[in-house]
1. Anything in the chain that counts as a DSSP H helix reaching 15 Å or more along its axis (C-alpha) with Kyte-Doolittle mean of at least -1.0? List them, would you?
2. Going 7 Å from the Cα of E146 in the Cα-to-Cβ direction, what parts of the stretch 191-217 have a backbone nitrogen less than 20 Å from that spot?
3. Calculate, for E139 and T51, the FRET efficiency according to 1/(1 + (r/R0)^6) with r their C-beta to C-beta distance and R0 30 Å; round to the nearest 0.05.
4. Pop a pseudo-label 7 angstrom from the Cα along the beta-carbon direction at both N84 and S205 and give the gap in nm to one decimal.
5. As an exercise, use a Förster radius of 35 Å and the Cβ-Cβ distance of R16 and S132 to find the FRET efficiency, rounded to the nearest 0.05.
6. Take the Cβ-Cβ distance between L65 and D185 as r, set R0 to 30 Å, and report the resulting FRET efficiency rounded to the nearest 0.05.
7. Kindly provide the helix-only [θ] at 222 nm of the chain, computed as the sum of -39,500 (n - 2.57) over DSSP H runs of four or more divided by all residues, to the nearest 500 deg cm²/dmol?
8. Are there GluC sites (Glu not before Pro) in the stretch 143-234 that DSSP marks as loop and that have at most 13 other Cβ atoms within 10 Å, and which are they?
Amino acid sequence: MTLEEKIAQVKENIARAAREAGRDPAEITLVAATKVQTSDTIRQAIAGGVTICGENRVQEMTAHLDDDAYAGAALHFIGHLQTNKVRQVVGRVDLIESVGSEHLLDAIEAQAAKLDLVQDILLEVNIGGEESKSGVTPEELPALAEKAASCPHVRLRGLMAIPPVQAQPGGNRPFFAKMYQLYVDIRTKLAHNEADINCLSMGMSGDYEDAVREGATLVRVGTALFGPRPPMKQG
Ligand SMILES: *Cc1c(COP(=O)(O)O)cnc(C)c1O
C-alpha cells in the first residue's frame, strides 16, 4: 500500500469506529506522528491527506520547519518538552499537546508573553500512573487546568494521554474512558472556557479505534501510516 492509501485507510477506520459509537466522524482528526520521517515523506503525507503533523523532537521539528516541510498542514508538538527548549516551540506550533507540569506551563506562559502571543496547549495526564511517563495525575489535573485557564498567554484546549502499552487488544479502553470523564469534568469546571476546550488527544497505531469509541477528538498515528521506526533513544 502507498502512503496515500494507508492514510485513507486509517481515516476510514476512524470514521467507522466513530459511526459505530454514534459519533460524527467529523469530530475526529488524524494527527500523523512524523518522528524520524524525512521532510519529503512529510510532504507526501500532507499531499496524501494529512492535515496535522505531530512532532516529538525539537531538533527534528526545527530542521523540518527550516525545510518548510509542514506547509499546508497544522503542526502539533506531542513529545516530552524540556523547559530549556520552550523557546524553540512556543509560537512555532499550533498546539503543544504535552504540557505535563506546572513548571512547563509557567515556562510556556512566560515565552508566549515575551512574544506577545497566545499559545494553544493541552494538558498531559499520566492516566496509567506510570513512573516512566510524564503528565499530571488525575488528582493534580483540576488545579493545573484552572491555572492554565487563567494564564493570559495560554489557551487551554483540552487533554492528552499516552496510556500504558497493553498486551491485550482493548486493554486501553478503561484508560480512554477515564480520560473522557476527566475531559468532561474539566469542561464543566471551566464552563467559561468551554468553547475553547474541544480536544481530547488519545490513541496511537495499536488502539486509535478504541480511543475514538471512547471519545477522542485527536488520534496520533505513526507506525500504521509510515511503517515501523528504527529503535531510537528518547529526546
Ligand atoms: C510516536 C508517537 C505516537 C505514534 O505512535 P505509533 O504507535 O507509531 O502510532 C503517538 N503519540 C506520541 C506522543 C508519539 O511519540
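Readers should treat all values here as calculations from the given coordinates under stated rules, not as data from a laboratory. Computed from a prediction, not measured in an experiment: that's the story for all the values here. Note: ideal-geometry Cβ built from the backbone for every residue, glycine included; neighbour counts use all protein chains shown.
1. Numbers: long enough: 3-20 (26 Å, -0.76); 102-115 (20 Å, 0.14); 173-189 (24 Å, -0.41).
In the chain, the long hydrophobic H runs are 3-20, 102-115, 173-189.
2. 191-197
3. Values: r = 35 Å, r/R0 = 1.16.
So, using R0 = 30 Å, E works out to roughly 0.30.
4. 3.2
5. Values: r = 33 Å, r/R0 = 0.94.
The pair R16/S132 has a calculated efficiency of 0.60.
6. In this case the efficiency is close to 0.25.
7. Working: 8 runs with 87 residues, N = 235.
Counting only the DSSP helices, I get -11000 deg cm²/dmol.
8. Values: sites: E146, E194, E209, E214; in loops: E194, E214.
Here the sparse-neighbourhood loop sites are E194.
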